[in-house]
1. Which trypsin sites (Lys or Arg not before Pro) in the stretch B:206-261 pass both tests, a DSSP loop state and at most 13 other beta-carbon atoms within 10 Å?
2. With just the Cα atoms of the protein assembly as shown, tell me how far they stretch along each of the three principal axes, in Å, largest first.
3. Can you figure out the FRET efficiency of residue B:337 with residue B:18, using R₀ = 35 Å and their beta-carbon distance, to the nearest 0.05?
4. Please report, to two decimal places, log10 I(q)/I(0) for chain B at q = 0.12 Å⁻¹ as given by the Debye formula with identical point scatterers on the Cα atoms and no solvent.
5. When the chain is fully extended, how far beyond the present Cα-Cα distance does residue B:294 get from residue B:148, taking 0.36 nm per residue of separation?
6. So what's Rg/Rh here for the stretch B:158-257, counting alpha carbon atoms and using the Kirkwood radius for Rh?
7. Under the Kirkwood approximation for Rh and a Cα-based Rg, what ratio Rg/Rh is obtained for chain A?
8. Determine the alpha carbon to alpha carbon distance for each of B:81/B:322; B:124/B:177; B:229/B:272; B:124/B:322 and list only those over 29 Å.
Amino acid sequence: MDVFFLGLSLPFYLTAAVSLVVYVTVARDRPRRIALTFLSIALVLHGLAIGLRAAAVGTVVVNSVHDELSLLAWLIVAAYLALQVRYRLGVVGALVSPLAFLLTLSAYLVHSGTESLPSNLRNAWLPAHVAPAFLGYAIFAVAFCISLIYLLQERRLKSRRRGGVLQGLPSLETLDELNYRVVAWGFALFTMGIITGSLLAKVTWGAFWTWEPKQILSVLAWLLYAVLLQTRSIGWRGRRAARLTIAGFALLVISFLGLNLLFPGRHGGTFG
Amino acid sequence: MEHDIVIVGLNHVTAPVAVREQVALADDALADANRRLRAIHGIDEAAIVSTCNRVELVTCAHDGDGAVERVRQFMQTHLAKQPLDIAPYLYTHRGRQAVRHLFRVASSLDSMVVGEPQILGQLKDFYARAVEVGVTGAVLNRCFHKAFSVAKRIRTETEIASRAVSVSSAAVELATKIFDRLQDKTALLIGAGKMGELAARHLMAGGVGDMMVTNRTFDHAVELAREFKATPVPFDHFPRYLHLADIVIGSTAATSFILTPPLIQEALRERKGRPMFCIDLSVPRNFDPRVNELDNVYVYDIDDLGGVAEDNRDARAREAEKAERIVEEEVETFLRWLSHLDVVPTIVALRDKAEAIRRGELEKTLRQLKDVSPREREALESLTAAIVNKILHAPIACLKRQDRETGTFDLDAIRRLFRLEESGDA
């Protein structure tokens, strides 16, 4: 049943993505509003799919690639829509919604039945680890999109090429400040995720730190984001901040996907 | 009766300012001029528009050529202030052409700077003034309101007004691409060149909060600073203030670079990397182009800005084409409405509608009554026809009387009361 709702959300994601790309090219407000409606509907349908799976197992389910992708896509869209309430940034949506569509589509394609969790993971630390960590990922993904747009706009302004400036894009200052705030939120949640994660590790495996590739990469990314947030006061902003945001997200993508597929450890599917 | 919209006028294209200022109406003379224009024989409705770029006498006339000639004469005798023959500067638009002209004026397609937003407000004001003295009627009311809605439609459906088309406004446009808001930003104007002053003026109008002015001759700096409510800065000390400036405008006659990478680098350090927008409007250039290679600094010289402005002009021209198509479309709709205001088609439509209803209802009844003899059928026919004719007699007589008098209110009302647009047109 859950896969039915997930499938149902796909056309809504796609329509939203197309509308937002149209919005960026024609700079009219209507496609943006249509896209937001479709995105909200997709969010509800997709949320239903996740809820049904969670209900079947009785806790947050992230023990398969399908669940990870699905939850991540859902949180990215939720984070973007929450941001959209305060900032009217259709352009960011033009990157976020295709990303969400592709993630959800992949989740749909690798759909698998739910497996019950090993008993040693059935404790309160699991949701306390998974929820902030995934929300942190999702927010960093939105920051990644903002930074890409910053670099695009920055390059166009720098090059002074004729026909270079895109009309619909927000100002550099707006993007830079927004990026900083979004990264700060992501950082706070990600930090919580790491702390609760190490507590979870202590409870289930008996050690806070086990030198797992996932742990190492996550801490590296955490350090990168920490540097980004700290160096703003000495003038590392703008392009440099955008590049750090992108680098940090790249580390997370490697740890998130690459390790699941290449070096499956405790974080990737098997949960030994 | 005929409703011919006639516009006689002159504008920035047909008449030089020396002529326009002779004809332009003083504010207190407007009401009287409106009344006089309306009083001209053959003129049913009137509205005068008089801005610094145009004077337009918009009328609805029913006496074709004669009325046109009298309106032209009126403009010469009542508006031209000194013995000046304004005939060569006048244009006359009638019918479709006049409607199109009014729509284009409202949409700023006929403006000196195409897309400028003021004209619509001005037009609304002058229309309201004419309404105030009661010289407009059904045709002009509809025509003006349509013009306003066309202007609004063009504003939302095209980008005709959203691009900067001069070097100075391009500078402001770029500033808003770099900065989120200009209110808390400070500009530094170096030198007293004309272009620099113009750009500074545009930036202030664009909302820049604070301004510093520096010049080799300090007195000039003080003078200019007073005009801009800015802070004068001694030329030798300006690098000390550089870090306070978010926007730097260079406009000096210097032959060597006055802004160099080390200077800007120092300022950036103090600014903690907050972005700087450097606008170099001098030839030869004042700012070392290598400054642009620094992070968070954007240097634009006069050619770059000219390029942006030209791109925007091209874009605006493309948008104007789109706008012209919208105007054509709307002129068509308006003329269709106007043609309905003629009496004969209205009477025909009214009769057709009543006849269609009569026939429909009669058939329905006949189908229900079985065994109707031809005679009974004939009786029913003449009964219903008589009822319809009796009911329509009064409104049709009223319409025919209207034909001889002037005014269009009843005609419009009848069309609306009987919903003739919906069924009669097809």
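Each value in this text was obtained by applying a stated rule to the coordinates, not by laboratory testing. The structure displayed is predicted, hence computed values, not measured ones. Glycine also receives a Cβ, built like all others from the backbone with ideal geometry; neighbour counts cover every protein chain displayed.
1. B:229
2. 104, 98, 32
3. 0.30
4. Results for chain B at q = 0.12 Å⁻¹ read -0.99.
5. Between residue B:294 and residue B:148, full extension yields 47.7 nm more.
6. Radius of gyration relative to Kirkwood radius: 0.99.
7. Rounded to two decimals, Rg/Rh equals 0.99.
8. B:81/B:322; B:124/B:177
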